[in-house]
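I have placed the structure first, in the form of structure tokens, so that the comments after it can refer back to it.
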Amino acid sequence: MKERGILAVVSGFSGAGKGTLMKALMERYDNYALSISATTRKPREGEVHGREYFFVEEEEFEKMIGEDRLIEYARYVDHYYGTPRDYVMSQMEAGKDVILEIEIQGALKVKEKFPETLLIFVTPPSAEELKRRLVNRGTETPEVIDARMKRACEEAEQMDRYDYLLVNDEIGQCTQELHRLIQAQHRRMSLHGKFVAQMKEELKNISE
Ligand code: 5GP
């Protein structure tokens, strides 16, 4: 039987290069499933419903909350974002390692519900580089860039609640490092599971 997949959360400042990192990870390795979130934000140019996000109206989003169809959700700079439950659960059951690319409040909620979740925080090498990337992306207005930089300051306060900090300087190296971290967690969980089973068996035998 295939071993159950693990859950990994990747967070990071807006503009840290998480999107590129996720794309590179999916292209390079085939054991990952990237969860697609629902959001009430409008699609950016080039974004497709069902690929980057499920773009929904507030009313539909609130219905999903009411029906408990989200593992977690949060508000981020004026919009709702949330993780649909069914996809995550079925992919993990099928043995895939599921990645959630979500912000910090959601990450902490997931960790609370599933304590074995691996939390990874991605950051550019410096704050200056972060601003440069946000401006160069050219998809946000100056007001939104400012709001996102402000949000980055708040998020920096909580960075130490993550299991690992990953500096995204060179994308190839960063992708490999992310893969290594997730696979190490796999081995840890698997060893842990086997050890517990063996110990239970031995204890039973001894006490008989
Ligand atoms: P963006 O609008 O740039 O695509 O995403 C804004 C922020 O929302 C990013 O930090 C992203 O990681 C986060 N995000 C995307 N999907 C989810 C989700 O399902 N739940 C939570 N909590 N955050 C999300």
Quiz item: Going highest first, how would you order 33-45, 50-62, 72-84 by mean Cβ packing within 10 Å?
Solution: 72-84, 33-45, 50-62
Quiz item: What percent antiparallel are the DSSP beta bridges of the chain, to the nearest 5?
Solution: 30 percent
Quiz prompt | Sum of -39500 (n - 2.57) over DSSP H runs of 4+, divided by residues of the chain (222 nm, nearest 500) | solution = -16000 deg cm²/dmol
Practice problem: For segment 1-159, give the percent of accessible area contributed by carbon and sulfur heavy atoms, probe 1.4 Å, rounded to a whole number. | Solution: 53 percent
Quiz item: Listed highest first by mean packing, meaning other Cβ atoms within 10 Å per residue, what order do 98-107, 163-172 come in?
Solution: 98-107, 163-172
Quiz item: Sorted by mean Cβ packing within 10 Å, highest first, what order do the peptides 192-204, 131-143 take?
Solution: 131-143, 192-204
Exercise. State which entries of Lys18/Lys113; Lys42/Lys150; Lys2/Lys63; Lys96/Lys194; Lys96/Lys150 exceed 29 angstrom in Cα-Cα distance in the structure shown.
Key: Lys2/Lys63; Lys96/Lys150
Practice problem: Would you kindly find the accessible area of Leu108, with a 1.4 Å probe and non-protein molecules such as ligands, DNA and RNA excluded, rounding to the nearest 10 Å²? | Solution: 30 Å²
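Express the accessible area of the chain per residue in Å², computed with a 1.4 Å probe while the remaining protein chains stay in the model.
Values: 12090 Å² over 208 residues.
Averaged over the residues of the chain, the accessible area is 58 Å².
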Quiz item: With axes computed from alpha carbons, what is the tilt in degrees of helix 171-207 against the longest principal axis of the chain, rounded to the nearest 10 within 0 to 90?
Solution: 30 degrees
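The values are calculated or read from the model by the stated rules, or taken from the named source; none is laboratory data. Model, not experiment: these values are computed from the prediction. Note: ideal-geometry Cβ built from the backbone for every residue, glycine included; neighbour counts use all protein chains shown. Quick note on the areas: whole protein, heavy atoms, side chains included, nothing else; ligands and nucleic acids left out. Shrake-Rupley method; radii C 1.70, N 1.55, O 1.52, S 1.80 Å.
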